[in-house]
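A.B. asks: What follows is a structure written as structure tokens; I'll ask about it next.
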Amino acid sequence: MNILILGGTKFLGRHLVDAALLNSHIVTIFHRGLTNPTLFKHSTVKEIIGDRKNRHDLKKLEGHYDCIIDTCGYEAEDVSLSVEVLKKKTERYIFVSTISVYQTKSGVAINEKSDLVEQPIQPEEPNYATKKALCESFLTNLVDQDKALIVRPGLIVGPHDPTDRFTYWIRRVRQGGTILAPGSRERVVQFIDVRDLAAFILHLADNNKTGIYNAVGPGEKLTMGDFLDTVTNTVYDNAAKPKLKWVNEESLEKAGIQPWMEMPLWLQENSDLQAMMMVSTEKAAQAGLRWRPLDDTIRAVNEWDKARDAVALGAGLSPEKEEMALNGNA
């Protein structure tokens, strides 16, 4: 395939490029040249520098593409402009959205037919979820159904993850000692390896798929306890493994610990947001989504993170706050 990727030098984008090249596709990336500007300098990737907010820059994209993959659409106006300029240049426009576009209700699982968040009344009201939903709306209104494909990932993890939400647990286990583990061991968690997501998107494109697909993982039920046990067993190869101390949600809240960014993979069990960890994988699995073993993801993230160990994490609990919570002094 002849593929155009909007973005292409950050997290998902760079993995899409790698996967596409591995499968002998022709790849063009359109980006601003601000993130990893020399990443593909010595590859066969064609790079076009420009800003998607600028119609003139978008018109630099000449020729025809089998598919366009939009990895960085966030503002509806930007997506609208990109689609307007490029829709006649491709057989398939793929928009990478998010499962955050769904309305959530405690205990209610999510699938592709679930209701979406309500659209904001005032322009200043949109947040991440509503902005992504607006982007989807613009796409489906401007592109014929036989050309539009929307992929909604959950938490994306893997090497080069800029959020550090998954990486926090790898590094924290590597540091050893007593580790604060949030809530219940049996609480279900979901995420998807960026390499599996990239392969799935290309598989959908190669098979001329349209419509909407949730992209979450793993393929089988995974609890927080099993996740942290696997991290520990994968990162450590000796008997001096760290100890997990499970702290209930009431104590976490009393300690002022915030879910998700401060305590990655923790969403309160009785909250509506916990439904974000109850997303069906059925449709995606039938369409070809495949998941690598969890320890493969852990090893890859561990090796990547060890190479940049001096870099401060952008997510996770501070050592001071963790110690206070573990000792019940918060």
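A.B. asks: Can you go through 35, 28, 71 and tell me which one is in contact with a helix residue (DSSP H, G or I) (Cβ under 8 Å, 6 or more places away or on another chain) and under 27 Å from residue 158 (Cα atoms)? First the steps, then the outcome.
C.D. replies: On the way: 35 fails: in contact with a helix residue (DSSP H, G or I) (Cβ under 8 Å, 6 or more places away or on another chain); 28 fails: in contact with a helix residue (DSSP H, G or I) (Cβ under 8 Å, 6 or more places away or on another chain).
So the residue among 35, 28, 71 that is in contact with a helix residue (DSSP H, G or I) (Cβ under 8 Å, 6 or more places away or on another chain) and under 27 Å from residue 158 (Cα atoms) is 71.
A.B. asks: Which condition number in (1) closer than 23 Å to residue 150 by Cβ; (2) in a loop (DSSP other than H, G, I, E, B); (3) of a type in the set (Val, Ile, Thr) is the one that residue 27 fails?
C.D. replies: Just one mismatch for residue 27, condition (2).
A.B. asks: Here's another thing I want to ask about it. Here are some residues: 204, 197. Which one is in contact with a His (Cβ under 8 Å, 6 or more places away or on another chain), at pLDDT 95 or above and within 30 Å of residue 3 (Cα to Cα)? Talk me through it step by step, then tell me what you get.
C.D. replies: Numbers: 204 fails: in contact with a His (Cβ under 8 Å, 6 or more places away or on another chain).
Unique residue meeting the criteria: 197.
A.B. asks: Tell me which strands (runs of 3 or more DSSP E) are completely within region 168-258 and hold 1 or more residues being within 20 Å of residue 152 (Cβ to Cβ), in contact with a strand residue (DSSP E or B) (Cβ under 6 Å, 6 or more places away or on another chain) and touching a residue at least 12 places away in the same chain (Cβ under 8 Å), or say none if there are none. Give the derivation first.
C.D. replies: Values: elements: 178-182, 211-215, 243-247.
Those strands (runs of 3 or more DSSP E) span 211-215.
A.B. asks: Out of 139, 149, I need the residue that is touching a Leu at 6+ places or on another chain (Cβ under 7 Å), in contact (Cβ under 8 Å) with a residue 24 or more places away in the chain and crowded, with 19+ Cβ neighbours inside 10 Å. Which one? Step through it out loud before you land on a result.
C.D. replies: Working: 139 fails: touching a Leu at 6+ places or on another chain (Cβ under 7 Å).
The unique qualifying residue is 149.
A.B. asks: Would you pick out the residues in region 53-72 that are over 23 Å from residue 25 (Cα atoms) and in contact with a strand residue (DSSP E or B) (Cβ under 9 Å, 6 or more places away or on another chain)? Quick ask: steps written out before the conclusion?
C.D. replies: First pass over region 53-72, keeping only residues over 23 Å from residue 25 (Cα atoms): 53-57.
Hit for region 53-72 is 57, nothing else.
A.B. asks: While we're here: Only one residue in 293, 264 is crowded, with 16+ Cβ neighbours inside 10 Å and of a type outside the set (Asp, Glu), so which one is that? Step through it out loud before you land on a result.
C.D. replies: Values: 293 fails: crowded, with 16+ Cβ neighbours inside 10 Å.
Residue meeting the stated conditions: 264.
A.B. asks: Which ones in region 77-96 are surrounded by 22 or more Cβ atoms within 10 Å (Cβ to Cβ) and small (Gly, Ala, Ser)?
C.D. replies: Passing the criteria: only 82.
The values are calculated or read from the model by the stated rules, or taken from the named source; none is laboratory data. Source: prediction; values computed, not measured. Reconstructed Cβ throughout: ideal geometry from the backbone, glycine too, with neighbour counts over all protein chains shown.
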